[in-house]
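Take a look at the structure below.
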Amino acid sequence: MISLAGEEEYLIRTTNIPSFDQKPSARFLDRLYLQPDPCETMGEFERFTHRDLNYMSLDELHRERRRLRYRLDFDDQPTAWMLERLQTLLHAITLRRRASTQKRSFSQALPKGETLRTVNAEDLPPWH
C-alpha cells in the first residue's frame with residue numbers, strides 16, 4: 001500500500017502541475033481523480049452510485065476524500081457528481097466515526113470478562 005506521502009510524490013513526479021496562471025488540462029485533472037463511467041463495469045457503476053463507500057475502511061474513506069479534494073482544488077468547473085461524491089464521503093466518514101465511538105462505549109459498558117452473545121432462536125419467546 002502506498003502511503004499518503006508516496007501518493008503525493010507520485011502525483012507530483014508523474015504530472016506536470018500547472019501554475020496558477022494557466023488552466024489545468026482535462027488529462028491532468030483525470031489523473032488526479034477520474035469520474036467513473038457507470039456503463040463500463042459493475043465496479044464503476046457502484047462507484048458512480050457511491051455504493052463502494054460501504055466497503056471502505058475509515059482510512060480508505062479519508063484517502064478518497066483527500067484525492068477528491070485535491071482534484072477540486074484545481075478544477076474550476078467540477079461536475080455535479082464530484083460535488084455529490086464529496087458530500088457523500090463526508091457523510092460516510094461521520095457515520096463511520098459515530099458507529100466506531102458507539103461500539104467502543106458499548107463494549108466498555110460490559111462487565112469485565114463478559115462478551116456479547118448471539119441469541120438463539122430457541123431463546124426467543126414464542127411470539128417472536
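Within the range 25-97, list the GluC sites (Glu not before Pro) lying in a DSSP loop whose Cβ has at most 11 other Cβ atoms in a 10 Å radius.
Details: sites: GLU40, GLU44, GLU46, GLU60, GLU64, GLU84; in loops: GLU40.
Of the GluC sites (Glu not before Pro), the ones in loops of the range 25-97 whose Cβ has at most 11 other Cβ atoms within 10 Å are GLU40.
What list do you get for TYR33, TYR55, TYR70 if you sort them by fewest beta carbons within 10 Å? List each step's numbers first, then the result.
Working: TYR33 19, TYR55 8, TYR70 15.
Ascending Cβ contact count within 10 Å gives the list TYR55, TYR70, TYR33.
So how far apart, in nm, are the two label points at LEU90 and GLN102 if each is 7 Å from Cα heading toward Cβ?
In this crude spin-label approximation the distance works out to 2.2 nm.
We did not get these values from a lab; they are worked out from the coordinates using the rules stated. This one's a predicted model, so the numbers in the text were calculated from it and none came from an experiment. Positions of Cβ are generated from backbone atoms using ideal geometry, with glycine treated the same way; all protein chains shown enter the neighbour counts.
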